[in-house]
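Colleague: Quick one: this structure, given as structure tokens, is what I'll be asking you about.
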Amino acid sequence: MKICSIVGARPQFIKAAPLSRELRKRFQEVLIHTGQHYDAKLSRVFFQEMDIPEPDYNLEIGSFSHGHQTGLMMIGIEEILEKEKPDMVVVYGDTNSTLAGALVAVKLHCLVGHVEAGLRSFNRAMPEEINRVQADRASDLLFCPTQTAVDNLEREGITHGGYLTGDVMYDALKYYRRKSDNDNIFLDQCDLEPGGYYLLTVHRAENTDNPENLRAIMETMAGLDKPVVFPVHPRTRNVMEQMGLELSGMIRPIEPVGYLQMMALESNAKKILTDSGGVQKEAYMLGVPCVTLRNETEWVETVEEGWNVLVGTDREAIKEAVETFDPPNERKNLFGDGHAAKKISGIIENSSLSTL
């Protein structure tokens with residue numbers, strides 16, 4: 001059985017790392033990189049340190065408007081799928097690469113598997129929400145990381161093909177945290193003490209494309225009581241330069257970091273402030289309080305369990321959460337047992353026996 005896996009952005013590389021290892025034990029995998037994230041610090045470093053196989057194809061699409069980018073991806077993916085003739089296409093998450101891969105595959109009558117299916121923020125102004133909903137509609141096998149995701153699909157009438165597998169990002173975290181013992185070395189290089197700093201990530205359009213939101217976040221960060229380590233996404237950096245927004249006060253901007261360095265920063269932070277879905281999850285998995293700079297989240301379980309608080313971009317709400325937010329001592333195991341990739345590979349194998 002031949003499977004084409006489609007990735008294009010940092011979160012997808014992390015998800016693909018554990019699943020690709022499992023898929024290649026049973027199937028022939030062809031890896032397609034759309035080039036949605038093309039900066040070496042957001043792409044190449046992940047392939048190197050996570051031992052992800054080199055892509056068989058790299059479309060090198062780069063950055064465009066949503067429609068333009070998705071269209072170019074679809075053209076490139078279609079040419080590859082027509083050449084490779086896979087039995088299944090696997091897509092990840094909620095990016096334009098996800099949507100492009102799912103749409104092309106279903107139109108070519110390929111089976112589609114969606115890793116991280118069933119997530120919903122219920123905010124249709126988010127491009128990611130449109131991408132994930134449409135990818136679910138196009139998919140034959142829907143690999144859900146949580147029971148909430150399964151329930152979301154059932155409420156929408158998707159009652160066949162959905163599987164509760166656990167989260168492949170938890171697989172990745174468990175696997176690579178065992179392999180990494182460089183936290184102290186990296187923190188020393190950054191002149192940081194465990195628990196002596198906050199970690200900030202900002203990249204979603206609702207914040208970067210809104211000057212008022214972005215300014216509110218940065219000015220609030222500048223006035224906090226501890227250093228705020230800020231790996232600056234290239235897109236965010238470009239927007240700030242266009243705005244003439246200078247980082248000052250307690251903010252310590254750094255270049256984007258790889259997966260292992262990000263794990264070190266996350267696990268040793270006093271609190272994490274983010275608008276990233278993946279970082280919210282990782283914060284929960286690592287037991288670090290998370291302050292989410294959005295008004296809603298697709299990872300509602302982390303809020304319900306008291307380890308994540310939604311504050312949007314309100315300055316006082318951010319400051320209050322940093323000063324007073326105190327999660328409970330215990331956390332439920334929300335994201336599976338660390339074997340999601342093996343479960344997904346097994347489901348695909350069983351489906352191929354009955355379908356192909």
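The values are calculated or read from the model by the stated rules, or taken from the named source; none is laboratory data. Just so we're clear, the structure is a prediction, and the values are computed from it rather than from any experiment. A quick note on method: Cβ atoms are made from the backbone with ideal geometry, for glycine too, and the neighbour counts reach across all protein chains shown.
Colleague: Please indicate, with yes or no, whether at least one residue in region 188-204 is surrounded by fewer than 16 Cβ atoms within 10 Å (Cβ to Cβ), out of contact with any helix residue (DSSP H, G or I) (no Cβ under 9 Å at 6 or more places or on another chain) and assigned to a helix (DSSP H, G or I).
Modeller: Yes, that holds for at least one residue.
Colleague: Follow-up. Does region 290-298 include one or more residues that are of a type in the set (Asp, Glu) and surrounded by 20 or more Cβ atoms within 10 Å (Cβ to Cβ)?
Modeller: Checking region 290-298: at least one residue is of a type in the set (Asp, Glu) and surrounded by 20 or more Cβ atoms within 10 Å (Cβ to Cβ).
Colleague: Tell me, please, whether a residue that is over 20 Å from His66 (Cβ atoms) and free of Cβ contacts under 8 Å to residues at least 12 places away in the same chain can be found in region 121-142.
Modeller: Within region 121-142, none of the residues are over 20 Å from His66 (Cβ atoms) and free of Cβ contacts under 8 Å to residues at least 12 places away in the same chain.
Colleague: Oh, and also: Show the residue pairs meeting these rules: Cβ distance below 7 Å; 6+ apart or different chains; first residue within region 171-199 and in contact (Cβ under 8 Å) with a residue 40 or more places away in the chain; second residue among the hydroxyl-bearing types (Ser, Thr, Tyr).
Modeller: As it stands, the answer is Tyr176/Tyr259; Asp183/Ser267, since those pairs meet every condition given.
Colleague: Going through region 123-173 one residue at a time, which ones are touching a Phe, Trp or Tyr at 6+ places or on another chain (Cβ under 6 Å) and charged (D, E, K, R)?
Modeller: The answer is Asp167, and nothing else.
Colleague: Just name the residue that is modelled with the lowest pLDDT out of those in region 146-177 that are among the aromatic types (Phe, Trp, Tyr) and part of a helix (DSSP H, G or I).
Modeller: Once the filter is applied, the top-ranked residue is Tyr176.
Colleague: Also: Can you name the condition, by its number, that Ala341 falls short on among (1) more than 26 Å from the chain's Cα centre (by Cα); (2) at pLDDT 95 or above; (3) under 19 Å from Glu116 (Cα atoms)?
Modeller: (1)
Colleague: With respect to Arg235, is the statement that it is over 22 Å from Leu286 (Cα atoms), assigned to a helix (DSSP H, G or I) and touching a residue at least 40 places away in the same chain (Cβ under 8 Å) true?
Modeller: Answer is yes for this residue.
Colleague: Does region 345-354 contain any residue that is assigned to a loop (DSSP other than H, G, I, E, B), in contact (Cβ under 8 Å) with a residue 60 or more places away in the chain and of a type outside the set (S, T, N, Q)?
Modeller: no
Colleague: Would you call Ile272 among the hydrophobic types (A, V, I, L, M, F, W, C) and either touching a Gly at 6+ places or on another chain (Cβ under 7 Å) or closer than 15 Å to Asp188 by Cα (or both)?
Modeller: Criteria not met by Ile272.
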